[in-house]
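A short worksheet on the structure shown next.
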Amino acid sequence: MKFKIHRGTKEIGGSCVEIWTANSRIFLDMGMPLVDEKREQFNFEKYKNLEVNELVKQKILPDTKGIYDSKDRLIDGVLISHPHLDHFGFIKFVNEKVKIFLGEATHKIIEISNIFTSSNYQIKNYEYFEKEKLFQIGDFRIIPYWNDHSAFDSYSFLIEASGKSIFYSGDFRDHGRKSKVFKRFLNNAPQNVDYLILEGTTIGRNKIKNKTEIEVENELIKVFSESQKINLVYVAGQNIDRLVSIFKACLKAKKILVIDVYIAKILTELSKFSKVPYPSDSYNIRVIFSYYSCKKLTEEGNEKVMFQFKKYKITKDEISNQSGRIVMIVRPSMKIDLKGINNLQSGNLIYSMWEGYLKKDYTNDFIEYLKNLNFLIHKIHTSGHADIYALQKMVTAIKPKNIVPIHTFDSNLYQKYFNFPIINCNDREEINV
Ligand SMILES: [Zn+2]
Ligand SMILES: [Zn+2]
C-alpha cells in the first residue's frame, strides 16, 4: 500500500489524500484550499473558468489519472470525512462514475446548501457508510470512526490493505457536545497502525486548553440573562453543536430563539439523525422568513420549504414588540431583515465564529453597521479542532508507528509534542507503507 498527500502537509484546508495498492485506488477527501500560496484567502473565482487540465497543471486539483475523465481506468472511490468545503469542495470535478462514500447526514447538509446558496454539488453516485461499520472498496478494508467536530457527521478512517494500516484523523476535537464520542474512541482505538495522518490545526497556536461547548453555553446564558435588549448571534449555520448551545442558553435565560428558514431547514433535517432542537411543537423556536433565502427559494421553485415552517413563522413586528426576549441567529446577508425591526438599538451581538473571518469585508461591514446602532460586541466561541492535549490523547491511544502531519501550518512542531516518529513529507510525495 502507498499513499500521497496531495494537499495539506503544510497548510490548513484543501485536504486530499490518495491511497493505492496494485489493484485499487481511493481518495480521502477532495477539499478546496482555504489559503493560496501567499497564505491569503483562497478564492476559487480566480480559477473558475479554467479547464480541469489547467487546474491540474496549476496544482489546484490533484494530478492523478482516472479521477476526472474515463479515458483511463477510474479510481475506486472518494471518501468524504465531513461536510466542510475544505474537505469536499472539489468533489464536483470528480467523474460522476466514481462512487462517493459519505455519511447520510453529510449528504443531506450538502443538498440543503445547494438549495440555499450558490453552491451546486450534485452527488448522484454514492454509498453511505456507518459508524464503526467495516466496508470494503477493492483491496481496502475501511472503518469510519465518528468524531466530535464543529461539523455534524464527521469521521476518521482506518484503512487496511495488504497487512498494513493507515489511520486518517479527519478534523476532530474532544471539547464539543460529543466529547463522549472521543472518550469512547480512546477506549476503542485501533492498534498497530503503521501511519497516523494527524490533523494539527491548533499546533503552533498558544498551548492552551480549549474552552468546552458547555462553557460556551454558560457564557451565552450570562449575556442573554443580563440583557433587556435584543441579542443577535452571528454563527455558522452548520455549526450544530453551537446552535444547540444557543438553544439551551435561550431555555435557561427564558428567551425565544429565532432562526431563519435556512437554519430551520438544516435543524429539521438533522433532527432525523440525532436529537437536535428544530421548529416544532416540542421546541420554542420561531422562524424569520429572511429576505434573501426566501427570494432564492421562490425563484427556484422551492417555496414548499417556506410553507414547511409557516406555523412557526415570526414577523418583524412580532420581533420588534418583544425584542428584549429575542435571541436571533444572524449573518451579514440578513442586514436587510434587521432594517425592518424596531427597537434594535443597543442590543448585543455575540460573534460566535473563528476570529479570522473578522478580516473579511462583508463580516466587518455587518459588525460596523451594528456598532453604529450602539450594539455591544461579545466574542463567545471555541475551536472546532483538538487542542494539543486532545491530539496527544489520540496519539497515545493509537500508539502509531509513524505520524504524518496534515491540516496544519506547523508540521515542524509535531516533533516537540509527540514522542513517536514524525514523517514530515511534502505535498505530492509518495510514501510506501
Ligand atoms: Zn478542515
Ligand atoms: Zn472541518
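The values are calculated or read from the model by the stated rules, or taken from the named source; none is laboratory data. Because the structure is predicted, anything quoted here is derived from the model rather than measured. No Cβ is skipped: glycine too gets one built from the backbone with ideal geometry, and neighbour counts run over all protein chains shown.
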* Asked: What about Ile137, is it free of Cβ contacts under 8 Å to residues at least 40 places away in the same chain, surrounded by 19 or more Cβ atoms within 10 Å (Cβ to Cβ) and over 17 Å from Ile398 (Cα atoms)?
  -> no
* Can Pro83 be described as part of a loop (DSSP other than H, G, I, E, B), touching a strand residue (DSSP E or B) at 6+ places or on another chain (Cβ under 6 Å) and either assigned by TED's automatic domain parsing to the domain that holds Asn147 or of a type in the set (Lys, Arg) (or both)? -> no
* Structure fact -> Requiring at least 1 residues that are out of contact with any Ser or Thr (no Cβ under 6 Å at 6 or more places or on another chain) and surrounded by 21 or more Cβ atoms within 10 Å (Cβ to Cβ), the strands (runs of 3 or more DSSP E) wholly within the stretch 295-413 are 326-330, 348-351, 402-406
* Structure fact -> Quick count over the stretch 267-293, residues being within 24 Å of the chain's Cα centre (by Cα) and of a type outside the set (A, V, I, L, M), is 13
* Scan of the stretch 405-417 for residues that are within 21 Å of Leu28 (Cβ to Cβ) and more than 16 Å from ligand 1 (Cβ to nearest atom), ordered by number -> Tyr414
* In the set Ile263, Ile214, which member is assigned to a helix (DSSP H, G or I) and over 27 Å from Lys339 (Cα atoms)? -> Ile214
* Restricting attention to the stretch 380-394, and to residues there that are in contact with a helix residue (DSSP H, G or I) (Cβ under 7 Å, 6 or more places away or on another chain) and away from ligand 2 (no atom under 16 Å from the Cβ), which single residue is nearest to Val235 (Cα to Cα)? -> Ile380
* Residues satisfying the stated conditions in the stretch 15-43, i.e. of a type outside the set (Gly, Ala, Ser), surrounded by fewer than 19 Cβ atoms within 10 Å (Cβ to Cβ) and more than 16 Å from ligand 1 (Cβ to nearest atom) -> Thr21, Asn23, Asp36, Glu37, Lys38, Glu40, Asn43
* Structure fact -> Note on Gly163: of the conditions (1) within 22 Å of the chain's Cα centre (by Cα); (2) farther than 18 Å from Leu198 by Cβ; (3) more than 16 Å from ligand 2 (Cβ to nearest atom), unmet is (1)
* From Met328, Met394, residue being closer than 29 Å to Lys265 by Cα and touching a residue at least 60 places away in the same chain (Cβ under 8 Å) -> Met328
* Asked: Do we find a residue being buried (at least 19 other Cβ atoms within 10 Å of the Cβ), outside the structural domain of Val395 (by TED's automatic domain parsing) and under 21 Å from Ile266 (Cα atoms) anywhere in the stretch 214-226?
  -> yes
* Taking only the stretch 416-428 into account, find how many residues are surrounded by 14 or more Cβ atoms within 10 Å (Cβ to Cβ) and in contact (Cβ under 8 Å) with a residue 24 or more places away in the chain. => 8
* Restricting to the stretch 1-26, what's the tally of residues that are in contact with a His (Cβ under 8 Å, 6 or more places away or on another chain) and among the aromatic types (Phe, Trp, Tyr)? -> 0
* Looking at (1) in contact with a helix residue (DSSP H, G or I) (Cβ under 6 Å, 6 or more places away or on another chain); (2) at pLDDT below 95, which is the only condition Ile112 fails? -> (2)
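Per-residue answers, yes or no, for (1) more than 16 Å from ligand 1 (Cβ to nearest atom); (2) closer than 21 Å to Asp387 by Cβ:
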| position | (1), (2) |
| --- | --- |
| Phe135 | yes, no |
| Phe140 | yes, no |
| Pro144 | yes, no |
| Asn147 | no, yes |
| Asp153 | no, no |
| Phe157 | no, no |
| Ser162 | yes, no |
| Ala189 | yes, yes |
